[in-house]
Each structure stands twice: as C-alpha cells, then as structure tokens.
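Notes follow once the structure below has been shown.
The values are calculated or read from the model by the stated rules, or taken from the named source; none is laboratory data. All of these numbers come straight from a predicted model, not from anything done at the bench. Using ideal geometry, Cβ is built from the backbone for each residue, glycine included, and neighbour counts are taken over all protein chains shown.
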Amino acid sequence: MSVDVRELAAIPLFAGLTEEQVRSVAAIGRLSEVRRRDVLFREGERAEGIFVLLGGRVKLYRLGPDGREHILHVVRPGQMFAEAAIFMSGGYPAYAEALQKSRVLLLPKKPFLELLRDHPEISLQIIATLSRYLKQFADRIEDLSLKDVSARLARWFLHTADEKGRLFWDLDITKGELASQIGTVGETLSRTLRRFKEAGWIEVRGSFVKVLDPDALAEVVEGGQESGGR
C-alpha cells in the first residue's frame, strides 16, 4: 500500500519539509489499515518505530493492577504516537488500540532515526509534541492526585476546546471512554455532566457538546466553584 506524498505533507509533523524530504519519509513508511479494536502494540513489546495516524482514532492506555483500563490519550488524524519509545531502550510504555477503522503509518525505528539526523527540523517538531504530551501528563497526574472528578472534567472540556480551537464539537469517544480518560466511572461522569448542564456551564445534545461558560469551568479546575466527589 503506497503512501500519498501530498497527504503526508499536510501533516503538521512534516509541514516544514520540502517535497523531496517528504518523499524520503514516505519511502521508509509502512501504511496499513486496521479495524476497530485491533491492537497496534502492547505494553512492553519491542518498539518497532513511530506511528502517524492518517485516518480514524486510536487510544493509548495502560492497565491497572485490577485489570481496569486507564486511557492516557486519544490520537486523532494528523497526530503521531509512540514517539518517545523510539528513543528508549525498553518497549512500548502502553497499549495502542484502534477505536474505529483507521489508517496508520509506521516509520521504522532505525531508518527514521537516520532520517532525523539528516533532517533536524523533524526532531524539533517531535520535541514540541513530546513537550505538549509531558504537560498533559503532568496535568493528569496532578488531577488524579489532587483534583476531584468535577475539576478533572472541567479541565478536559477546556483542554479539548483549546485543542480544537472552538467551544463546541461532536464527541468522538464514548462516555465510557471519557470516564476512563478522566479516571472515574460512567455513573459519576453522568452525574457530573448533569450538574454542569444545570449550572449552565455546558450544553450536551447527543454527541454534541458546547462550552457555555469557560470562566466557570476554569474556577472549577482551580477549586473556586462547588465540585463533586471522586
């Protein structure tokens, strides 16, 4: 399956490259289509390389001691994942599973590292992405250890709005997956969403959600509004 150079050039990671450089990336890539619930890699497996999602959605998660799934991140088209693993001697630090039919580009470790030496501008893009992930995970650790469910959900709304560049969007994950992502259970999530709606902070209609009062949500994150339990 061949890689479309124009499609690759439109991905932020490769946006600053020349057409010839993008062709060099395409030449080492392995494009594949995966079905919903297909596992791309498992925690501890040897890292084959870096992945770029061209279409669909992929979740990255770890399993707790009780076997419960904890979603770390939901990858969307144009984003890369498993980038940290190619710089580590160990295996993948988490699981990756397709949430729907997806198109995935694998850039094998050795040729990709050689590509980075030839094109340091790609390295800078990866550093920027890793920095954003580090900030997200630092926020997540703080939330799980210090914040209750209301604060975690409020931060999720604000972060997603910032990521999308607008205050409204269609949910592309289930409420169960959202509950896992913020470290709670479905019943508690539903109760917290209902409280946010009644307060006039958000609007929810089916899969459509809209932030109505970002300032109030920011106060919840900081603990200034009444919040719920864990």
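Below, the figures for the structure above:
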| item | result |
| --- | --- |
| All positions within segment 75-111 that are aromatic (Phe, Trp, Tyr) and within 17 Å of Pro12 (Cα to Cα) | Phe81 |
| Residue that is surrounded by the fewest Cβ atoms within 10 Å (Cβ to Cβ), among those in segment 30-68 that are within 23 Å of Lys110 (Cα to Cα) and in contact with an Asp or Glu (Cβ under 8 Å, 6 or more places away or on another chain) | Val39 |
| So Ala138, is it of a type outside the set (D, E, K, R), part of a helix (DSSP H, G or I) and at pLDDT 95 or above | no |
| Residue satisfying all of: in segment 9-41; β-branched (Val, Ile, Thr) and modelled with pLDDT under 95; nearest to Ala128 (Cα to Cα) among these | Ile11 |
| Cβ-Cβ under 7 Å pairs, at least 6 apart or on other chains, segment 190-214 side farther than 14 Å from Ala161 by Cα, far side outside any loop (DSSP other than H, G, I, E, B) and among the β-branched types (Val, Ile, Thr) | Thr192/Val149; Leu193/Val204; Phe196/Ile202; Lys197/Val204 |
| Pairs, first assigned by TED's automatic domain parsing to the domain that holds Ala94 in segment 58-71, second loosely packed, with under 13 Cβ neighbours inside 10 Å and not aliphatic (A, V, I, L, M), C-beta under 8 Å, six or more apart | His70/Gly64 |
